[in-house]
Amino acid sequence: MKTKTEMIEMIQWIGEPVVSVLVLIGAILSVLSAFGIIRFPDVYLRSHAATKSATLGVLCVLSSAFLFFWIYDHYISARVLLGIVFVFITAPVAGHLNARAAYRTGVPLWKLEKDELKPALKEKGIDREKAKKEPLN
């Protein structure tokens, strides 16, 4: 039978590489996201890079922070959990709304073969071609 101290040491021994790997994955995803924002040709692909990979990167780093405090300090951080939930909910919604606003204001799409949304917007009275010509105030 192992003592409580030995069990804690064993959990910390297992938790250290898990926390390290999560931080490393989060950092790699964040760098890839930044690279995508710089290299992608239009606002829609950049929005995708900014929301998907950056969200996963931040979630990995915050998850590792949560695990670190839980394993080493025996402290369950409600702030970190709220941060995880907040990022997970708001970042994809913000990216979607940015892309939607860009589309409706007529920002050109890169290598588009068929615009399937155009007829649906015309039914609602939204014309992308007209929005391209009008200045934003």
> From the list Ala50, Ala65, Ala54, Ala34, which one is among the hydrophobic types (A, V, I, L, M, F, W, C) and surrounded by fewer than 16 Cβ atoms within 10 Å (Cβ to Cβ)?
Replying inline: Ala34
> Is there any pair linking a residue in segment 93-115 that is within 17 Å of Ala49 (Cβ to Cβ) to one that is part of a helix (DSSP H, G or I) and of a type in the set (Val, Ile, Thr), with Cβ under 6 Å and at least six apart or on different chains, and which?
Replying inline: Gly95/Thr51; Ala102/Val43; Val107/Val43
>> I'm checking my understanding of the structure. Among residues of segment 68-78 that are assigned to a helix (DSSP H, G or I) and surrounded by 11 or more Cβ atoms within 10 Å (Cβ to Cβ), which one is farthest from the chain's Cα centre (by Cα)?
In response: Tyr72
> How about segment 81-127: which of its residues are of a type in the set (A, V, I, L, M) and in a loop (DSSP other than H, G, I, E, B)?
Replying inline: Val107, Leu109, Leu112, Leu117, Ile126
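Taken together, the values in this text are just the output of simple stated rules run on the coordinates, not laboratory data. These numbers were taken from a predicted model, which means no experiment stands behind them. So basically every Cβ, Gly included, is an ideal-geometry build from the backbone, and we count neighbours across all protein chains shown.
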